[in-house]
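*Asks:* I am attaching a structure below and will ask some questions about it afterwards.
Bear in mind that the values in this text are calculations on the coordinates, not laboratory data. The structure displayed is predicted, hence computed values, not measured ones. Positions of Cβ are generated from backbone atoms using ideal geometry, with glycine treated the same way; all protein chains shown enter the neighbour counts.
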Amino acid sequence: GNSVTQMEGPVTLSEEAFLTINCTYTATGYPSLFWYVQYPGEGLQLLLKATKADDKGSNKGFEATYRKETTSFHLEKGSVQVSDSAVYFCALSGRAGNKFYFGSGTKLNVKP
Amino acid sequence: DVKVTQSSRYLVKRTGEKVFLECVQDMDHENMFWYRQDPGLGLRLIYFSYDVKMKEKGDIPEGYSVSREKKERFSLILESASTNQTSMYLCASTPRQGAYNEQFFGPGTRLTVL
């Protein structure tokens, strides 16, 4: 079956630090992979996505590369800001339809 | 700008009440979803719908039902609210075609059952 595992939080960093949030997946076939962000009190917003192996998704300084050999889609940012404090969700969508599978979320706290 | 709206941001109800949560999308999407979000558990799928009047159970449908009478509207119903249904409820939609499309989320409804 399909599932997503991401690192537990919270992750606390100082401003301008390097960020990695690990995400690994189990899937049948060739899923699409997504990172969503949820700011306090809001719904989820798409941060980036990748639809096939070796694709790199990027947005707002965040990047993630679809690694089929390691079944991973780790989120990275070179220099975090206080405004990046949020909960980050890794997700996959199976080819069979539009059902999504979400990780449990990783809370990021960035301190000035 | 694409939009998914939910009828309430915050809702307080009493045990045993019937509760309706409404979700409307203006993107002409075929697929709509209801999730609940709880700390440490991420998002869990309650029900989803691929078309008007069609529904399928997700991972945790017990205690919930849904209604999709019009394409743009997907309602979640708690027939008799209980305290363990206190949660954040998120609605999402996506077009029918393929797995490449993202899900678009509403702002969420935080429901408290007393």
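*Asks:* Using the alpha-carbon centroid of each, what span in Å lies between region B:6-83 and region A:1-75?
*Replies:* Region B:6-83 and region A:1-75 have Cα centres separated by 26 Å.
*Asks:* Checking the a/c ratio against 1.5 first, then a/b against b/c, what shape does the Cα gyration tensor give for chain B?
*Replies:* Cα axes put chain B in the prolate bin.
*Asks:* To continue, here is another question. Roughly how many nanometres apart are two label points built 7 Å out from the Cα toward the Cβ at A:SER14 and A:TYR39?
*Replies:* 2.6 nm
*Asks:* Just check region A:1-90 against the gyration tensor rule for me: Cα atoms, a ≥ b ≥ c as the square roots of the eigenvalues, rounded for a/c under 1.5, and otherwise prolate or oblate depending on whether a/b exceeds b/c.
*Replies:* The shape class here is prolate.
*Asks:* Using DSSP to define loop residues, name the GluC sites (Glu not before Pro) in region B:24-62 whose beta-carbon has at most 13 other beta-carbon atoms within 10 Å.
*Replies:* Answer in residue order: B:GLU62.
*Asks:* What distance in nm separates the two pseudo spin-label positions at B:ILE77 and A:GLU69, each 7 Å out from Cα along the beta-carbon direction?
*Replies:* 5.4 nm
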